[in-house]
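Q: My questions will all concern the structure given below.
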Amino acid sequence: MTKKKRKNKKSGRVVRKTNTATKQTTIVHKSTTAQNKTNNGGIFSKLISVFIKDHKDNNGGHPHVIVDNIDNKYVSVGLTTQRYKGKSPRAGKNYSLKNNPLNEKADPTYMRRQAVVDDKEKYYKPRTGKMDKEDYKKAKEYGEKAKQKYLDEKGQKK
């Protein structure tokens, strides 16, 4: 049987484990920062706080991660629980996320591969979530494509 004695320090938590059979004490330094704690196999330091709003569309509304602003519009990427874009696997796959930014039990969560540039008035129900760095990087990539397409179309109208 082991006894545990804990002592808080500025640099982290010191845990002393004593094995009563051998009378040996081992000291283990554990950091209390969120960067070193693990959750579901991932590391909290890999998570980025993101801004999420629902986007009004023909189907009522779906959650979108806001990636960027341009003019009076948001550049956003939609979130879904569907693996495929349409009804058929031939329609294309959605990007699988490592964790759910909405912090809900609905697993797995996917991100649409095409971003949307739309008026800020069409977004409602603001909230925050956490997204993996790699997933956010991919969302920014999709957002940049949509933003460039919007700018190209805007330049052609002039």
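The values are calculated or read from the model by the stated rules, or taken from the named source; none is laboratory data. Worth saying up front: this structure is predicted, and the values here are computed from it rather than measured. A quick note on method: Cβ atoms are made from the backbone with ideal geometry, for glycine too, and the neighbour counts reach across all protein chains shown. Each accessible area value is taken on the protein alone, full model and side chains, heavy atoms only, with ligands, DNA and RNA left out. Shrake-Rupley method; radii C 1.70, N 1.55, O 1.52, S 1.80 Å.
Q: In square angstrom, rounded to the nearest 10, how much accessible surface does His55 have for a 1.4 Å probe?
A: Accessible area of His55: about 10 Å².
Q: To continue, here is another question. Using Cα-Cα distances under 8 Å and only pairs 6 or more residues apart, what relative contact order does the range 44-109 have, in percent?
A: After rounding, I find 19 percent.
Q: Going down the list Lys93/Lys120; Lys120/Lys149; Lys98/Lys137; Lys56/Lys154; Lys98/Lys140; Lys85/Lys149, which pairs span over 24 Å between their C-alpha atoms?
A: Working: Lys93/Lys120 27 Å; Lys120/Lys149 18 Å; Lys98/Lys137 13 Å; Lys56/Lys154 22 Å; Lys98/Lys140 16 Å; Lys85/Lys149 20 Å.
The pairs that break the limit, which is 24 Å between Cα atoms, are Lys93/Lys120.
Q: At 1.4 Å probe size, what's the solvent-accessible area of Thr81? Round to the nearest 10 Å².
A: Number for this one is 80 Å².
Q: Which percent of the accessible heavy-atom area of the range 64-111 goes to carbon and sulfur, probe 1.4 angstrom?
A: Of the solvent-accessible surface of the range 64-111, carbon and sulfur hold 44 percent.
Q: Here is a follow-up. Under 1.5 on a/c is rounded, so check that first for the range 89-138, then, if it is not, pick prolate when a/b is larger than b/c and oblate when it is not; a ≥ b ≥ c are the square roots of the alpha carbon gyration tensor eigenvalues. Can you show the working numbers first?
A: Working: a/c = 1.69, a/b = 1.14, b/c = 1.48.
Oblate.
Q: Turning to a different aspect of this structure: Please say if the range 72-111 is rounded, prolate or oblate, where rounded means a/c under 1.5 for a ≥ b ≥ c the square roots of the C-alpha gyration tensor eigenvalues, and otherwise the choice is prolate for a/b larger than b/c and oblate otherwise?
A: Oblate shape, in that a/c is at least 1.5 and b/c is the bigger or equal ratio.
Q: Beta carbons within 10 angstrom, averaged per residue: use that to sort the peptides 133-140, 150-157, highest first.
A: Top to bottom by mean Cβ count within 10 Å: 133-140, 150-157.
Q: How high is the relative contact order of the range 38-154? Use alpha-carbon pairs under 8 Å, at least six apart in sequence, and give a whole percent.
A: 30 percent
Q: Could you check the spin-label model distance between Lys157 and Tyr84? Points 7 Å from the Cα along Cα→Cβ, value in nm.
A: The modelled label-to-label distance comes out at 3.5 nm.
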